[in-house]
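**Student:** Sharing a structure with you now.
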Amino acid sequence: MKELIRELVLQAVLDLRRDGHLPPGDEPVFTVERTRNKQHGDYACNAAMLMAKAAGRNPRELAQQLLDTLPQSRLVERAEIAGPGFINFFVSPTCLIGSLRRVLEQRDRYGWQPEESRESVTVEFVSANPNGPLHVGHGRGAAYGASLANILEAYGHKVQREYYVNDAGRQMDILAASVWLRYLELGGVQVRFPDNGYKGDYVVEIARALRAREGDRLRHPMFEVTDGLPPDESQGGDKETHVDALIARARKLLGEADYRIVFNAGLDWCLADIKQDLGEFGVRYDNWFSERSLATSGAVSKAIETLKSKGHMEERDGALWFKATQFGDEKDRVVVRENGVTTYFASDIAYLLNKFDRGFERAIYVFGADHHGYIARLKAAAQGLGVDPARLEIQLVQFAVLFEKGEKVQMSTRAGQFVTLRQLRAEVGADAARFFYVMRSHDQHLDFDLDLARSQSNDNPVYYVQYAHARVCALFRQLAEKGWSFNKAAGDAARERLVHEQEVALMNLLLGWPEIVGAAAQARSPQIVANGLRDLSSAFHSYYNAVPILVEDETLRAARLYLCKAVRQVLANGLALLGVSAPETM
RNA sequence: GCGUCCGUAGCUCAGUUGGAUAGAGCACCAGGCUUCGAACCUGGUGGUCGGGGGUUCGAGUCCCUCCGGGCGCGCCA
């Protein structure tokens, strides 16, 4: 509808130009928006105000001229000038009623807007290191990324959902060492556990499974493990040095093949755990991309060579640097360390190149807010590789801070004391968690009140929306109990009987639903969909309380049920975008 | 210190690429179920949009500055 009005106004502008009433110019810029105030009609256009200056004319006078030139449309009841020069449009009953038919014809595709011109896009989200269970912070990234991907798809993009698995790197080695130490403990070898090790119970579980498979084959006596290690932090030394030495010791004692077995025991367990966790959270991926594969496939060296050949690399202090400052980053970045090992950033560059090599027109990264320092260097890397940095988009998701009894809950993965996503789901359910996470703007901090969430109180707006859906379902059950049935054709034929204020309001919201999806997609904001659902639910609850649906008048009843059915459909569609169920009873 | 995100009602937050009289939930006050599900609805109280400048027909929204907060600034991942 918004598009239609835009076309009408554009046509009027072009006509005025053709007849010399307006000076020629480029594609005119103006907006068509939904009004906030009903007295201002349904849509408002600001074209006259924006063009008045260039035309050297009074805005209201210009608006009048536009109005006189405006092509007729049976979907527009009337248009009028208001305020400083707005043109307000009132949509016709025909238009409103038409939206009902579209909803019920397109069903679960209503709101979808496939267009050839939409980009293909890869959305990478969560990508937590597989060294432990996901916690509630990852949950927000998961809910946001999954919903965003759904919305982009509905808007017509071709979407690939991707998880970057950090299956290489030091953190994973620390996990491997932690697993091995727990394994030794289970075998009766008492070894001091490092300050920097992973202390969660799941590590013991992994060790137990490892021991069940491998027996005591990987056991070494205590002195071999600990002799000559530099002191740990609590022993007056440095925890990083200590744990690195421990990793080196493990590698040496076990040998590369057996070390890999221990390493993979940790990796495989954690990855399986994450996959299951996200699956139960309604989050699905098209691709789990292995960081290690970038090294083994030669992608990392290929990326480095590419940057070298373009003259963006430099050797300094024995290391290889990417000259990121020439692309606006605040400092140059090391890609290959003095010891010959590539950095994490080297993998990032290779992965970035890989994404665009696979043909995506746009790559969206969903990062935690603590990664915002990466934006500049990734954009720099893109430029260095010859990729337009505008095709790379980074969405930051702010932290979710847990509150319990009014106090902040402190979290630390290493210490093993944190609230996991799995615990959260168990306490509030996946639906509430998914909705709660995306209710607020993703670039806004989220206060997550655990007590409130645990209590399953109806303060949680997800119930409000789901209840509206269940209420419509209840209406149709009630209908059957009364021995009546719903005749869709009769409802369709009687649509003009829908004249109540609340009915018009509901039809207006249904009409505007595709615009909600479009706005959410363009702003990368699932929260717009969540708010749209609340608005629609609110309008329905008001309607339900004000107007009886199951009336004796058969055609009127059919018309109202026709509307209710459309409302239910849109509620279900919106909930699906957010990965929330649409229950028939509650 | 530099960079970055943010500051809207007592609390938690919306506010659609600058639009008309700044909204919702919770809380508080007053009402509504012998009638389709009260997990709901109707009405009311509550604001110098952190402060101050600027841009223009028009600013919660854009620019500058100050105040207050989150996060980031390793040859870590």
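The values are calculated or read from the model by the stated rules, or taken from the named source; none is laboratory data. Predicted model, so just to flag it, every value in this text is computed and none were measured. Neighbour counts are summed over all protein chains in view; Cβ atoms, including those assigned to glycine, are modelled from backbone coordinates with ideal geometry.
**Student:** Could you say which residue among A:Glu314, A:Glu338 is within 14 Å of RNA strand B (Cβ to nearest atom), surrounded by fewer than 16 Cβ atoms within 10 Å (Cβ to Cβ), in a loop (DSSP other than H, G, I, E, B) and not assigned by TED's automatic domain parsing to the domain that holds A:Gln171?
**Tutor:** Only one candidate qualifies: A:Glu338.
**Student:** Find the residue count for segment A:230-252, including only residues that are crowded, with 16+ Cβ neighbours inside 10 Å, free of Cβ contacts under 8 Å to residues at least 60 places away in the same chain and of a type in the set (A, V, I, L, M, F, W, C).
**Tutor:** Going through segment A:230-252 one residue at a time, the tally reaches 1.
**Student:** When you go through A:Ile375, A:Ile349 one by one, which is the residue that is part of a helix (DSSP H, G or I) and within 9 Å of RNA strand B (Cβ to nearest atom)?
**Tutor:** Unique residue meeting the criteria: A:Ile375.
**Student:** Identify the residue in segment A:352-372 that is part of a helix (DSSP H, G or I) and of a type in the set (D, E, K, R) and, among all such residues, is farthest from A:Gly137 (Cα to Cα).
**Tutor:** A:Asp357
**Student:** In segment A:162-180, is there at least one residue being among the polar types (S, T, N, Q), buried (at least 21 other Cβ atoms within 10 Å of the Cβ) and within 16 Å of RNA strand B (Cβ to nearest atom)?
**Tutor:** Yes.
**Student:** Taking only pairs six or more apart or across chains, which ones have beta-carbon atoms under 9 Å, a first residue in segment A:389-402 that is under 15 Å from A:Tyr374 (Cα atoms) and among the β-branched types (Val, Ile, Thr), and a second residue that is near RNA strand B (Cβ under 10 Å from one of its atoms) and outside any strand (DSSP E or B)?
**Tutor:** Taking only residues 6 or more apart or on different chains, the pairs are A:Ile394/A:His371; A:Ile394/A:His372; A:Ile394/A:Tyr374; A:Ile394/A:Ile375; A:Val397/A:Ala369; A:Val397/A:His442; A:Val397/A:Asp443.
**Student:** Something else: Among the residues of segment A:87-123, count how many are buried (at least 23 other Cβ atoms within 10 Å of the Cβ) and assigned to a strand (DSSP E or B).
**Tutor:** 5
**Student:** Specify which of the listed residues (A:Glu404, A:Glu361, A:Glu427) is away from RNA strand B (no atom under 16 Å from the Cβ), surrounded by fewer than 18 Cβ atoms within 10 Å (Cβ to Cβ) and either modelled with pLDDT of 90 or more or at negative phi (or both).
**Tutor:** A:Glu361
**Student:** Does A:Ala493 qualify as being surrounded by 20 or more Cβ atoms within 10 Å (Cβ to Cβ) and either touching a residue at least 24 places away in the same chain (Cβ under 8 Å) or in contact with an Asp or Glu (Cβ under 9 Å, 6 or more places away or on another chain) (or both)?
**Tutor:** Spelling it out, it is not the case that A:Ala493 is surrounded by 20 or more Cβ atoms within 10 Å (Cβ to Cβ) and either touching a residue at least 24 places away in the same chain (Cβ under 8 Å) or in contact with an Asp or Glu (Cβ under 9 Å, 6 or more places away or on another chain) (or both).
**Student:** Which residue out of A:Asn573, A:Asn545 is of a type in the set (S, T, N, Q) and more than 8 Å from RNA strand B (Cβ to nearest atom)?
**Tutor:** Matching residue, one of A:Asn573, A:Asn545: A:Asn573.
**Student:** What are the pairs with Cβ atoms under 7 angstrom where one residue, in segment A:433-457, is farther than 22 Å from A:Gly574 by Cβ and part of a helix (DSSP H, G or I) and the other, located anywhere, is modelled with pLDDT under 75 and within 8 Å of RNA strand B (Cβ to nearest atom)? Sequence gap at least six, or different chains.
**Tutor:** If the second residue must be modelled with pLDDT under 75 and within 8 Å of RNA strand B (Cβ to nearest atom), the pairs left are A:Leu452/A:Asp459.
This table checks each residue for (1) of a type in the set (Val, Ile, Thr); (2) under 29 Å from A:Leu96 (Cβ atoms); (3) not assigned by TED's automatic domain parsing to the domain that holds A:Arg6.
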site	(1), (2), (3)
A:Asp19	no, no, no
A:Thr35	yes, yes, no
A:His40	no, yes, no
A:Asn46	no, yes, no
A:Met49	no, yes, no
A:Ala55	no, no, no
A:Leu67	no, yes, no
A:Ala82	no, yes, no
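**Student:** Which condition from (1) touching a residue at least 12 places away in the same chain (Cβ under 8 Å); (2) within 10 Å of RNA strand B (Cβ to nearest atom); (3) farther than 20 Å from A:Pro389 by Cβ is the one that A:Asp332 breaks?
**Tutor:** Every condition holds for A:Asp332 apart from (3).
**Student:** Taking the condition outside the structural domain of A:Asn508 (by TED's automatic domain parsing) and not in a helix (DSSP H, G or I), does A:Asp15 pass?
**Tutor:** no
**Student:** If you don't mind, there's one more thing I want to ask. Quick one: is A:Ser538 within 30 Å of A:Ser92 (Cβ to Cβ), among the hydroxyl-bearing types (Ser, Thr, Tyr) and near RNA strand B (Cβ under 9 Å from one of its atoms)?
**Tutor:** Against the criterion (within 30 Å of A:Ser92 (Cβ to Cβ), among the hydroxyl-bearing types (Ser, Thr, Tyr) and near RNA strand B (Cβ under 9 Å from one of its atoms)), A:Ser538 qualifies.
**Student:** Another question about this same structure. Being of a type in the set (Gly, Ala, Ser) and either more than 35 Å from the chain's Cα centre (by Cα) or at pLDDT below 90 (or both) is true for just one of A:Gly83, A:Gly98, A:Gly141. Which residue is that?
**Tutor:** Sole residue among the options that is of a type in the set (Gly, Ala, Ser) and either more than 35 Å from the chain's Cα centre (by Cα) or at pLDDT below 90 (or both): A:Gly83.
**Student:** Determine the pairs where a residue that is small (Gly, Ala, Ser), located within segment A:47-63, has a partner that is part of a helix (DSSP H, G or I) and within 10 Å of RNA strand B (Cβ to nearest atom) with Cβ atoms under 6 Å apart, the partner being 6 or more residues away or on another chain.
**Tutor:** Partner pairs satisfying both residue conditions: A:Ala48/A:Pro59; A:Ala52/A:Pro59; A:Ala63/A:Ala48.
**Student:** Let me ask you something else. Scanning for something assigned to a helix (DSSP H, G or I), farther than 15 Å from A:Phe263 by Cβ and among the β-branched types (Val, Ile, Thr), does segment A:193-203 turn up at least one residue?
**Tutor:** no
**Student:** Next up: Restricting the search to segment A:267-288, which residues are under 23 Å from A:Phe435 (Cα atoms), of a type in the set (D, E, K, R) and without any contact (Cβ under 8 Å) to a residue 40 or more places away in the chain?
**Tutor:** A:Lys275 - this is the single residue of segment A:267-288 that is under 23 Å from A:Phe435 (Cα atoms), of a type in the set (D, E, K, R) and without any contact (Cβ under 8 Å) to a residue 40 or more places away in the chain.
**Student:** Scan segment A:19-58 residue by residue and report those that are out of contact with any Phe, Trp or Tyr (no Cβ under 9 Å at 6 or more places or on another chain), near RNA strand B (Cβ under 8 Å from one of its atoms) and not β-branched (Val, Ile, Thr).
**Tutor:** Within segment A:19-58, A:Phe30, A:Arg36, A:Asn37, A:Gln39, A:Ala52, A:Lys53 meet the criteria.
**Student:** Which one of these is touching a residue at least 40 places away in the same chain (Cβ under 8 Å), surrounded by fewer than 17 Cβ atoms within 10 Å (Cβ to Cβ) and assigned to a loop (DSSP other than H, G, I, E, B): A:Pro23, A:Pro71, A:Pro84?
**Tutor:** Every option except A:Pro71 fails the conditions.
**Student:** Taking A:Tyr285 as meeting all but one of (1) out of contact with any strand residue (DSSP E or B) (no Cβ under 7 Å at 6 or more places or on another chain); (2) within 30 Å of A:Leu578 (Cβ to Cβ), write down the number of the exception.
**Tutor:** Of everything listed in (1) out of contact with any strand residue (DSSP E or B) (no Cβ under 7 Å at 6 or more places or on another chain); (2) within 30 Å of A:Leu578 (Cβ to Cβ), A:Tyr285 misses just condition (1).
**Student:** Could I ask something else about it? Is it the case that some residue within segment A:472-481 is within 7 Å of RNA strand B (Cβ to nearest atom) and closer than 29 Å to A:Val397 by Cα?
**Tutor:** Checked against the condition, which is being within 7 Å of RNA strand B (Cβ to nearest atom) and closer than 29 Å to A:Val397 by Cα, segment A:472-481 yields no hits at all.
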